[in-house]
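Trainee: If you scroll down you'll find the structure; I have some questions about it.
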Amino acid sequence: MAGAQVITIVDLHPAGAFRSDAYASTGSQQGGRAIFGANSHAGIWFGTAESYVDMSTSLGAAYENSEVEALWADGSTLLAAGYARI
């Protein structure tokens, strides 16, 4: 069909997570959160569920909930913005 838009859906849900949500994308990287137990963990994916990187490990132990809400790619640097709550 001429002019049809092709949409590709990729399952980014990491193993062991109760729920996961992607809120931002640069095209090849995705940012959002995955919920493990009672806590939301900020995370970045690189196109697959297996590539999930838990950004919450970079926060202090007092931070229980976090998420990535925006991503920017600046050459070889990936910048993420979001929040973390105590």
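Trainee: When the Kirkwood radius is taken over all Cα pairs of segment 39-81, what Stokes-Einstein diffusion coefficient follows at 10 °C and 1.306 mPa s, in µm²/s?
Mentor: So the translational diffusion coefficient is about 141 µm²/s.
Trainee: Given a 10 angstrom Cα cut-off, can you work out which residue in 58, 76, 20 is the most mobile in a GNM of the chain?
Mentor: Result: 76 has the largest fluctuation of those listed.
Trainee: If each residue's Cβ is checked for other Cβ atoms within 10 Å, how do 69, 50 rank with the fewest at the top?
Mentor: In increasing order of surrounding Cβ atoms, one gets 50, 69.
Trainee: Go ahead and set up a Gaussian network model of the chain, Cα springs under 10 Å, then flag whichever of 73, 24, 34 fluctuates most.
Mentor: 73
Trainee: Considering every Cα-Cα pair within segment 1-43, what fraction, in whole percent, is farther apart than 14 Å?
Mentor: So the pairs more than 14 Å apart make up 55 percent of the total in segment 1-43.
Trainee: Report D for the chain in µm² per second (integer): Stokes-Einstein, Kirkwood Rh on Cα pairs, 37 °C, 0.692 mPa s.
Mentor: So the translational diffusion coefficient is about 243 µm²/s.
Trainee: Taking R0 as 41 Å, what FRET efficiency do you get between residue 6 and residue 62 from their Cβ-Cβ distance, rounded to the nearest 0.05?
Mentor: 0.40
Read-outs throughout are calculated quantities, based only on the coordinates presented, and are distinct from any laboratory measurement. Because the structure is a prediction, the values reported are computed rather than measured. Using ideal geometry, Cβ is built from the backbone for each residue, glycine included, and neighbour counts are taken over all protein chains shown.
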